[in-house]
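Heads up: the structure comes next, in structure tokens.
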Amino acid sequence: MRKTIFALSLIVFSAVGAVAQNPLIMDEFTADPSARVFNDKVYIYPSHDIRKDSGRFANWFCMEDYHVYSSENLTQWEDHGVILSQYDVPWVDASTFSMWAPDCIEKDGKYYFYFPATAKDKTEGRGRRVGVAVADSPTGPFVPEEIPMEGVFGIDPNPFIDTDGQAYLYWGGGEKLYVARLKDNMLELATEPQLVMELPPKFKEGPYLFERQGKYYFTFPHVPKTTERLVYAMGDNPMGPFEFKGVIMEESPVECWTNHHSIIEYRDQWYLFYHHNDLSPDFDKNRSIKADSLFFNADGTIQQVVPTLRGVGITPAASQIQVDRYSSAEGKNISYAFVDDSNPHEGWKVNLPKNGNLIRYNKVDFGTDGFEEVVVNASAGNDGEYEIRLDAPDGDLVVSAKISGSDEMKTERISLSEEPKGIHDIYLINTGDSELTFDWIQFK
Ligand code: FUB
């Protein structure tokens with residue numbers, strides 16, 4: 001009865017957000033992205049950080065529910081709304097706002113959503129337990145089990161199913177990482193938890209295991225000095241032993257203490273999903289999920305990933321292209337800043353101070369229909385000029401425009417000198433004598 005009420009009480013909600021690069025989600029704080037590919041679509045199951053300005057959680061992680069997001073082009077993410085809330089799980093102490101890093105996996109047409117939370121019963125493991133909620137679809141409704149999993153005390157559950165069908169659960173607890181086999185029902189451990197050994201000392205959490213070409217990659221956040229970096233070890237068996245290999249992503253450049261990740265292959269490209277506090281520079285427990293491409297060396301080791309602004313995926317030309325999330329820049333003193341310091345969720349704008357400054361924004365899809373105009377949201381210190389070219393700084397010229405000096409960002413519509421088709425990199429070049437600031441451009 002309780003399960004039915006929970007399923008029915010879920011708000012029917014789904015929204016496709018604006019095109020986003022890094023971070024992927026602009027209207028909410030999101031963390032701990034567990035990405036999965038189901039039915040040729042990418043789903044992300046993140047934590048959902050919220051802000052409390054006073055009281056017990058004002059300076060700490062604070063999470064009460066989970067959303068799921070999906071995308072095919074990896075730039076437009078559909079928010080499917082709340083899939084599970086702490087108020088609907090019978091065993092969770094809902095005063096603790098402790099719905100930390102979750103993960104989800106599919107088996108035989110059922111979706112198993114694993115989540116950590118603090119239990120009402122704190123007699124074992126200080127109440128840090130892991131629950132499972134089950135659904136018939138990747139977007140829910142997810143129905144939680146009445147009790148937490150037996151024998152799992154800790155956080156950051158990560159399920160994995162091997163090519164032979166055997167399922168495993170990895171998790172963190174007390175700065176250590178654990179693994180156990182799962183029973184066929186995916187709800188219970190089949191073996192006693194065992195410590196994953198042969199890993200570097202000091203703080204570890206957030207385990208994530210994946211398999212590639214017969215090798216098992218055991219990856220996790222690790223704090224050797226000050227903040228978390230993402231590292232990995234490799235082995236021939238999901239239970240180890242693993243040999244430590246090195247760093248996937250260095251410590252956060254913006255000093256976000258946590259990082260938490262997942263790694264997937266989608267349409268022949270591997271991706272790293274992770275988080276930093278881009279939308280909350282002064283409080284690193286309000287985080288935002290991001291993604292970048294990941295590459296392997298010939299010997300199977302992982303090339304280090306450097307966070308980018310642009311992130312991944314193909315951007316439709318008809319969407320508002322956030323050029324402040326550029327792929328590369330040429331010229332001195334190019335910088336970006338929040339459009340509105342009082343509301344970082346509005347995103348950024350980029351400043352090109354001098355003639356010759358340019359930014360490249362890669363992979364814009366013009367399709368086959370052709371576009372005749374572009375809408376540009378920009379401002380100029382004095383009267384200025386700019387060009388938009390395709391694929392190279394001296395590539396096909398699609399826009400050559402003047403912009404009059406103004407303190408305000410203005411939106412102007414400009415005719416294209418040719419109609420691009422297919423996928424192109426866009427070059428936005430300051431060709432005048434004024435500093436220019438751009439927020440977005442959109443082809444019509
Ligand atoms: O999001 C809360 C905690 O921060 C996660 O469980 C950890 O992995 C870290 O990202």
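The values are calculated or read from the model by the stated rules, or taken from the named source; none is laboratory data. Everything numeric in this text was worked out from a predicted model, so none of it was measured. Please note: Cβ atoms are built from the backbone with ideal geometry, for glycine as well, and neighbour counts cover all protein chains shown. Each accessible area value is taken on the protein alone, full model and side chains, heavy atoms only, with ligands, DNA and RNA left out. Shrake-Rupley method; radii C 1.70, N 1.55, O 1.52, S 1.80 Å.
Worth a mention:
- For the stretch 251-385, the relative contact order comes to 15 percent (Cα pairs under 8 Å, sequence separation of at least 6).
- Scalar couplings 3J(HN,Hα) for the stretch 70-80, obtained by applying the Karplus form with A = 6.51, B = -1.76, C = 1.60 to θ = phi - 60°, are 9, 6, 10, 8, 6, 10, 10, 9, 8, 8, 8 Hz; x denotes Gly and Pro.
- Positive-pole candidate from Gly384, Asn343, Phe371, dipole of the stretch 315-443, charges at beta carbon: Asn343
- Length-normalised contact order for the stretch 315-443 - Cα pairs under 8 Å, 6+ apart - percent: 36 percent
- Nonlocal amide H pairs with Ser98, under 5 Å, H built at 1.01 Å: Met63, Thr118
- The magnitude of the dipole of the stretch 315-443, with charges of +1 and -1 set on the Cβ of Lys/Arg and Asp/Glu and taken from the Cα centre, is near 280 debye.
- Helical runs assigned H by DSSP (4 residues or longer) give the chain a calculated mean residue ellipticity at 222 nm of -500 deg cm²/dmol, each run adding -39500 (n - 2.57) before division by the residue total.
- Cα lying deepest toward the dipole's positive end in the chain, options Gln194, Ala167, Ile289, charges on Cβ: Gln194
- Thr191-Lys122 FRET efficiency (beta carbon distance; Förster radius 30 Å; 0.05 resolution): 0.70
- Added length on full extension, which subtracts the Cα-Cα distance from 0.36 nm per residue, Glu419 to Ser400: 5.5 nm
- Think of a 1.4 Å ball rolled over the protein heavy atoms: the chain then has 42 Å² of accessible area per residue.
- One chain, two ends: Arg181 and Gln303. Fully extended at 0.36 nm per residue, the span grows by 40.9 nm beyond their Cα-Cα distance.
- Sorting Asp282, Asp103 by solvent-accessible area of protein heavy atoms yields Asp282, Asp103, largest first, with a 1.4 Å probe.
- Heavy-atom accessible surface of the chain: percent carbon and sulfur, 1.4 Å: 47 percent
- Relative contact order (percent, whole number), the chain, Cα cutoff 8 Å, 6+ residue spacing: 12 percent
- Potential lengthening of the chain between Lys332 and Ile50 amounts to 97.8 nm, from the contour at 0.36 nm per residue minus the alpha-carbon distance.
- In range of the label at Glu372: residues from the stretch 390-433 whose backbone nitrogen is under 14 Å from the point 7 Å along Cα→Cβ: 414-420
- Under 23 Å from Lys410, Cα to Cα: lysines that are on another chain or at least 8 residues apart: Lys349, Lys354, Lys402, Lys444
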